[in-house]
Amino acid sequence: MKRQQPWTPVDPLGEALHFLRMTGSFYCRSELTAPWGLSIPAMHDCLWFHVVTSGRCWLEVEGVEPLALLPGDLALVPHGAGHRLWTEPHAAAPNVVELPQQMVSERYSLLEHGGGGAPSTLVCGAVSFDHPAAHHLIELLPRVIHLDASSSPHLDWLESTLRMMAAEARVLRPGGETVITRLADILVIQAIRSWIQKDSAARTGWLGALQDKQIGRAIMLIHREPTRPWTLASLATEVAMSRSAFAARFTELVGEPAMHYVARWRMHVALNWLKEEKPALGELASRLGYRSEAAFSRAFKRFIGISPGAVRRNSTRSYPLSP
């Protein structure tokens, strides 16, 4: 019998947050003077965060009322949507990518822009994730998450985290970009944790299922052991439920049958393996319990929307995950 190590996480929601580790990122410190505006282009599969360290501005995302951002506020734009930052609604808002910036490193820049009036300072970042659990979680987030420093105890850790990020960017010691990325992990995870705690929408669907004692454990087991030959009966046994009760409760909370979830999760894991390891398709099919390469390829295309061979030929491309 496989022995579980005492340090293995047992919190399904915490384990899902653990997968929020950035695989691509870019950071910018912006020194801005009023009046100013910035347009952030749409970037597929990217999450943007903006922290105001001094001054103030507005954030405008399509479909959401403009948000006032004050010192210490943190805003996430999770779905790669284009958006604007401005001090006055009619201020010119050039594309931030086209403005001259001082490149401190390959992934960190300094931007100076504006009309010479009242100053504002922002730290912004664009980050992406590869793990399928991270994609699944990000898909469920609202169009904007806003942490208001004036009504929460987040200001101290925000300021400390940003000071460390700025220090690493200035000195550029060995491993500095890794430290900056991990600090950005903290910013993003804290913001998502705050949303989960406060928003009733986070207690429904897949996120709500993760917080259910038995169904959450079943999901965690599927995530940890995608190659295990799961059946409805074996999953029900693992969480001490009858087969029929488990099947009904899983479908009710998650929104799809358990074995459909298992199959879809395996295809998302296969997508990651194809991009990172590039195994032979026959080997991958066998690893995931398919009797033939053809059966695996059909299932993969049904869930991911493209053949596994095409992914192998273009492993750097991002592929949207089918619902």
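Assorted remarks:
- Cα-based shape type of segment 11-106, given that a ≥ b ≥ c are square roots of the gyration tensor eigenvalues and the cut on a/c is 1.5: prolate
- Computed helical MRE - 222 nm, the chain, DSSP H runs ≥ 4 contributing -39500 (n - 2.57), nearest 500: -13000 deg cm²/dmol
- Seen from every direction in turn and averaged, the convex hull around the alpha carbons of the chain projects onto 18.8 nm².
- Comparing mean-square fluctuations of S286, S109, S30 from a GNM of the chain with C-alpha springs under 10 Å, the top value falls on S286.
- Normalising the average separation of contacting C-alpha pairs (under 8 angstrom, six or more residues apart) by the number of residues puts the relative contact order of segment 51-108 at 31 percent.
- Mean-square fluctuations from a GNM of the chain, with a 10 angstrom spring cutoff on Cα atoms, peak among G208, G117, G14 at G117.
- Accessible area ranking (1.4 Å probe, heavy atoms, ligands and nucleic acids excluded), largest first, for E276, E65: E65, E276.
- Protein heavy-atom accessible surface, 1.4 Å probe, per residue over segment 211-283: 44 Å².
- Surface calculation, 1.4 Å probe, protein heavy atoms: H113 sits at approximately 50 Å² accessible.
- Solvent-accessible surface (1.4 angstrom probe) belonging to R84, in square angstrom, nearest 10: 60 Å²
- Of T181, T237, the order by accessible heavy-atom surface (1.4 Å probe, DNA, RNA and ligands excluded), from most exposed downward, is T237, T181.
- Under 28 Å between alpha carbons - lysine pairs in the chain that sit 8 or more apart or on different chains: 4
The values are calculated or read from the model by the stated rules, or taken from the named source; none is laboratory data. The model shown is predicted, which means the values in this text are computed figures rather than measured ones. Ligands, DNA and RNA are excluded from the accessible area calculation, which covers all protein heavy atoms including side chains. Shrake-Rupley method; radii C 1.70, N 1.55, O 1.52, S 1.80 Å.
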